[in-house]
1. For the stretch 29-56, what are the residues that are assigned to a loop (DSSP other than H, G, I, E, B) and more than 17 Å from Asp283 (Cα to Cα)?
2. If I go through the stretch 251-280 residue by residue, how many of them are of a type outside the set (Ser, Thr, Tyr) and outside any helix (DSSP H, G or I)?
3. Filter the stretch 75-98 down to residues that are surrounded by 14 or more Cβ atoms within 10 Å (Cβ to Cβ) and touching a strand residue (DSSP E or B) at 6+ places or on another chain (Cβ under 6 Å), then give me how many there are.
4. Across the stretch 136-191, what is the total count of residues that are over 17 Å from Lys67 (Cα atoms) and not in a strand (DSSP E or B)?
5. Gly90 - would you say it is over 16 Å from Tyr160 (Cα atoms), small (Gly, Ala, Ser) and in contact with a helix residue (DSSP H, G or I) (Cβ under 6 Å, 6 or more places away or on another chain)?
6. Taking into account only those residues within the stretch 174-188 that are surrounded by 16 or more Cβ atoms within 10 Å (Cβ to Cβ) and in contact with a Ser or Thr (Cβ under 7 Å, 6 or more places away or on another chain), which is modelled with the lowest pLDDT?
7. Can you list residue pairs whose Cβ atoms sit under 7 Å apart, with the first residue in the stretch 34-45 being polar (S, T, N, Q) and the second being surrounded by 17 or more Cβ atoms within 10 Å (Cβ to Cβ)? Count only pairs 6 or more apart in sequence or on different chains.
8. Just one of (1) surrounded by 13 or more Cβ atoms within 10 Å (Cβ to Cβ); (2) free of Cβ contacts under 8 Å to residues at least 40 places away in the same chain; (3) in a loop (DSSP other than H, G, I, E, B) trips up Ser133, so point out which.
Amino acid sequence: MAYTWNDIKLATLQKMFSSNGTTIQVDSSTKEYIESMPQAANEGLQLLATAGKFILKSQQIVVRDTKNLLTGAFEKYYVTDGEKTFNVAGAKSYYFTVMGTGIHCTVTVGENDPIIIETPVPEGEEDPHTIESNTGFAVFKGNLENPNKEMVTLSFSCEYPFEVRNVAMYEFNYPTDADVPVYEEYIRYYLPDVMESFYQLSENDIYFESDTGKGNYIAADEYYQEADKTLVIPRTETGIYTVYYKAYPEQITQQTADDYVLELDPEVAAILPLYMASQLYKDDDNAIATVYRNEFEVAFDRLSQKAKIQRKEEFVSESGWC
C-alpha cells in the first residue's frame with residue numbers, strides 16, 4: 001500500500017485531535033501544526049531509515065577493461081634522472097597519476113603545440129604551469145583532438161625525483177574529460193557520488209554478472225569496502241555489479257505535494273505519525289506526547305530487530321535426487 005504525504009499528515013492530526021475525519025481542515029487550530037509537520041516528519045524519517053527499517057535501493061556499476069595502447073599494464077616509474085616520456089600512435093584520450101613537486105608535464109599530438117598539464121591554482125594566484133602533488137598521487141585525465149591518429153607524446157620533467165603510475169592512452173574520445181576511464185588495478189567508487197541518497201551498503205548484497213559467462217550472476221566476493229562509503233572493485237573482473245544499498249529518505253518540505261508518495265513500507269508509515277504527534281504536541285500536552293513517543297519507541301525497537309531475509313542461494317545434489 002502506498003502512503004502519500006496527505007495520508008501521513010491526516011493520521012498525525014487524527015492522533016492529536018482524536019478526529020475521525022477523512023480530510024484535513026486547515027484553520028486556526030491546525031495551521032501551526034501543519035506548518036511544523038515537515039521538520040517533524042524529516043526527523044522521524046531519518047531515524048527510521050538509518051536505524052529502523054532501511055530504504056533499500058540498487059545501482060548497477062559496469063566495469064570494463066578498456067584497452068590501453070601502451071604496453072606494460074599498471075607500471076610504476078620512480079624517476080630520478082629528471083625526465084620520462086611515453087609515445088604511442090592514435091591515442092585520443094589519456095590517464096595517469098603522478099606524485100612530486102614542480103613537475104612539468106605536456107601532451108603533444110603530432111606536430112601540434114604541446115598541451116601543458118598543470119595543477120589548478122586558486123583564482124588570482126600566478127599559474128606555475130607545473131604539477132604540485134606532495135602528499136599523494138594526483139589523477140589527471142582528458143580527451144585529445146587526434147582525428148588522424150597521429151603520434152602522441154606524454155612527457156614529464158622535473159629537477160626533483162618524482163613518480164608516475166598507471167599511464168594509459170586510449171584509442172577513443174569520451175563525452176567529457178571526466179568520463180575518461182580510470183586505469184587502476186582496483187577502481188574506487190565514492191558511493192555518494194554514484195548512488196542517489198546513499199547512506200550505507202547493504203550487507204553482502206552485491207551481485208556480479210560476468211562478461212565471460214563463467215560463474216554468471218553470482219554473489220560477488222571480489223570487492224572491498226574502504227571506510228564507510230568507498231567501494232573498491234578489481235578491474236580484471238569485468239561485468240555488471242548490482243549493488244544494493246541503504247538510502248536516506250527524501251526530504252519533506254513546505255512545498256511537498258499532498259499526493260507525493262513516500263518511500264515507506266506500510267509498517268514504517270504506520271508509526272511515523274506517532275513520532276510526529278509526539279513532537280508536535282509536547283508543548284500542549286506533554287503527557288499525551290510522551291505516550292505517543294513510548295508507543296513509537298516500542299514499534300521502532302521491533303523494526304530494528306533484523307528479520308531473516310532469504311538471500312540468493314543454489315545447491316547441487318550429489319546423490320542425484322530431485
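1. Lys53, Phe54
2. 14
3. Qualifying residue count for the region: 12.
4. Residues in the stretch 136-191 being over 17 Å from Lys67 (Cα atoms) and not in a strand (DSSP E or B): 14 in total.
5. Judged against the criteria, Gly90 is not a match.
6. If we take residues in the stretch 174-188 being surrounded by 16 or more Cβ atoms within 10 Å (Cβ to Cβ) and in contact with a Ser or Thr (Cβ under 7 Å, 6 or more places away or on another chain), then Pro181 is modelled with the lowest pLDDT.
7. Ser36/Leu280; Asn42/Ile252
8. (3)
The values are calculated or read from the model by the stated rules, or taken from the named source; none is laboratory data. From a predicted model like this one, the values you see are computed outputs, not experimental measurements. Cβ coordinates were reconstructed from backbone atoms using ideal geometry, including for glycine residues, and neighbour counts include every protein chain displayed.
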